[in-house]
1. Hey, could you check segment 227-251 for residues that are open to solvent by 20 Å² or more (accessible area, probe 1.4 Å) and in a helix (DSSP H, G or I) and say which is farthest from residue 372 (Cα to Cα)?
2. Mind listing just one residue for me: the one in segment 23-61 that is part of a loop (DSSP other than H, G, I, E, B) and among the aliphatic types (A, V, I, L, M) and, of those, nearest to residue 211 (Cα to Cα)?
3. Kindly indicate whether any position in segment 449-458 is in contact (Cβ under 8 Å) with a residue 12 or more places away in the chain, outside any helix (DSSP H, G or I) and open to solvent by less than 10 Å² (accessible area, probe 1.4 Å).
4. Taking segment 354-391, which residues are free of Cβ contacts under 8 Å to residues at least 24 places away in the same chain and assigned to a loop (DSSP other than H, G, I, E, B)?
5. Can you tell me which of (1) touching a helix residue (DSSP H, G or I) at 6+ places or on another chain (Cβ under 7 Å); (2) among the hydrophobic types (A, V, I, L, M, F, W, C); (3) buried (at least 20 other Cβ atoms within 10 Å of the Cβ) is the one residue 103 doesn't meet?
6. Quick one: count up the residues across segment 432-445 that are in contact (Cβ under 8 Å) with a residue 60 or more places away in the chain and touching a helix residue (DSSP H, G or I) at 6+ places or on another chain (Cβ under 7 Å).
7. In the set 517, 484, 474, which member is modelled with pLDDT of 95 or more and open to solvent by less than 20 Å² (accessible area, probe 1.4 Å)?
8. Quick check on my filter: what residues within segment 418-442 are within 13 Å of residue 149 (Cβ to Cβ) and either surrounded by fewer than 23 Cβ atoms within 10 Å (Cβ to Cβ) or modelled with pLDDT of 95 or more (or both)?
Amino acid sequence: MRPTLLVATLAAVLALPVAVQAKTLRWASQGDILTLDPHAQNEGLTIAASSYVYETLVAYDKNFELAPALALSWQQVDPTTWRFKLREGVKFHDGSPFAADDVVFSLRRAMAPTSNYKAYVNGVADVKQVDDSTVEVITDGPNPVLLRQLTNLFIMDRDWAQKNNADAPQDFAKNEETFSARNANGTGPYKLKSREVDVRTVYVENPEWWGKDGKVGNVTEIVYSPIKQNATRTAALLSGEIDFVLDPPAQDLARIRQQAKVVEGNEYRTIYLGLDQKSPELKYSSVKGKNPFADVRVREALYRAIDVNAIKKAVMRGSSAPTGTMIAPQVHGWSEELAKRVPYDPEKARSLLKEAGYENNIDFTLDCPNNRYINDEAICQAVVGMWAKVGVKAALNSMPRATYFPKVQSYDTSAYLFGWGVPTFDALYTLQSLIHSKGQGADGSFNFGNYSNAEADKLIQQIKTEVDTNKRDAAIHKVLQIHASEFGHIPLHDQVIPWAMRKNVNVVHRADNRLTAEWVVID
């Protein structure tokens with residue numbers, strides 16, 4: 001009977017649909033998840049990790065069209081009021097019921113001073129509970145992109161947060177330790193099983209997830225491991241130690257394609273350099289009594305000294321799209337004309353520096369992450385070398401993302417490399433966060449170089465509530481033109497993101513560089 005039973009059991013397993021066969025997804029990238037608090041750090045990998053546990057009212061489908069999540073439906077009651085009907089019968093991972101008060105708490109929490117998610121609550125004046133399954137979001141004016149903002153606003157259990165003194169988001173920039181930074185309790189498809197910072201984070205399938213019947217993937221466990229060294233990540237993939245690499249090294253792609261599988265596409269992220277333009281003198285420079293970056297001639301010289309095509313060829317191995325603007329082609333408001341770069345011209349750069357009084361006598365530190373963006377440290381090394389050729393002495397200060405982000409977000413920098421994605425697919429997200437002067441809420445919230453232009457600020461305020469598409473687009477273009485003419489930042493390129501995986505792993509590549517585990521099928 002035993003052989004018969006074994007054969008029958010094996011046959012039953014083989015007959016199961018792919019989506020219900022338990023599979024573990026082991027994946028890696030160069031850095032670790034920064035925090036488990038869903039409103040503390042607006043950073044790509046961290047957002048992806050939050051999305052395994054926490055959910056939003058509105059989500060994106062595979063084509064980035066809006067789809068119901070914790071909100072079943074929504075309607076605009078008047079120009080400044082949106083009403084959301086919530087999904088009933090949903091439970092948090094600890095068994096507590098999901099209700100309207102959790103939504104009110106979470107959206108207000110994202111508006112708190114320590115929140116790093118203010119861009120997603122831009123224009124939100126208040127959130128009100130109508131009944132247990134209905135909420136209203138009141139805006140301070142018409143908001144043409146509110147629904148897309150909500151795709152990244154994760155909903156927490158109010159009682160769980162309050163019980164664990166997590167009413168406010170972790171202050172990540174000040175290295176605050178909180179319960180919500182190392183623990184999680186959401187409604188999403190996976191539950192947090194264990195967390196070892198810089199070692200391993202494990203999630204297991206949530207058997208009570210409301211969306212389990214429509215789940216297309218078969219991943220029942222997720223094991224994420226940060227692997228900093230490029231060669232080690234590639235070796236781990238090719239040996240079968242891991243199944244998926246989010247950021248395979250460009251120099252290894254040809255070999256990976258032969259032995260495994262690569263899927264790639266354009267990301268909506270622009271890589272750029274920021275410069276401190278406001279401080280009376282640079283914090284990390286021997287130039288005293290004045291700030292070289294306050295002079296537009298110096299900023300233009302630094303821009304013209306960078307050969308982005310050489311970076312594309314030698315550093316990125318072709319996997320980048322050089323640009324002259326701050327938004328990628330997928331983002332509403334982009335135009336080919338705006339994306340044209342000011343020409344690479346080292347002779348002109350030298351002339352501008354001399355004219356500004358900085359001929360061979362300017363130095364500063366360039367802060368750079370070494371485990372966040374594709375070949376980030378190598379990009380910075382190339383830029384430093386190019387600047388040296390025009391008489392600029394930049395000292396490279398590279399560091400892990402966990403150290404880098406608090407440093408830059410505390411304005412403890414003179415020059416820095418950064419990457420900015422646009423999850424709303426609308427230019428306002430960039431204009432408000434990066435170009436608007438530092439102000440309230442999301443205004444200038446990531447403008448660490450303190451670029452400022454009064455006309456640009458006024459236009460951005462108009463863009464926030466303008467519902468006439470032609471007028472709104474004209475204002476977007478005008479802001480980008482002003483910013484480019486003043487060399488407010490130095491855009492380098494839009495990222496092209498390859499994903500590497502074992503041949504039996506099937507994924508849906510996304511422009512936001514987010515691995516959606518519930519869509520993954522492992523053969």
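1. Selected residue: 239.
2. Start the filter on segment 23-61 by keeping residues that are part of a loop (DSSP other than H, G, I, E, B), which leaves 30-43, 54, 56-57, 61.
Adding the requirement that they be among the aliphatic types (A, V, I, L, M) leaves 33-34, 36, 40, 57.
Working: 33: 25, 34: 27, 36: 22, 40: 26, 57: 14 Å.
Taking the candidates together, the pick is 57.
3. Scanning segment 449-458, I find at least one residue that is in contact (Cβ under 8 Å) with a residue 12 or more places away in the chain, outside any helix (DSSP H, G or I) and open to solvent by less than 10 Å² (accessible area, probe 1.4 Å), so the answer is yes.
4. The one that is free of Cβ contacts under 8 Å to residues at least 24 places away in the same chain and assigned to a loop (DSSP other than H, G, I, E, B): 357.
5. The number of the failed condition is (1).
6. At the first step, the residues of segment 432-445 found to be in contact (Cβ under 8 Å) with a residue 60 or more places away in the chain are 432-435, 441-442, 445.
The next check asks that each one be touching a helix residue (DSSP H, G or I) at 6+ places or on another chain (Cβ under 7 Å); those that pass are 432-433, 435, 441-442, 445.
Matching residues across segment 432-445 total 6.
7. 517
8. The first filter runs over segment 418-442 and keeps only residues within 13 Å of residue 149 (Cβ to Cβ), leaving 422-426, 428-429, 432-433, 441-442.
The answer is 422, 423, 424, 425, 426, 428, 429, 432, 433, 441.
The values are calculated or read from the model by the stated rules, or taken from the named source; none is laboratory data. Source: prediction; values computed, not measured. Quick reminder, even Gly has a Cβ in these numbers, built from the backbone with ideal geometry, and neighbours come from all protein chains shown. Side chains included, ligands, DNA and RNA excluded: accessible areas come from the protein's heavy atoms. Shrake-Rupley method; radii C 1.70, N 1.55, O 1.52, S 1.80 Å.
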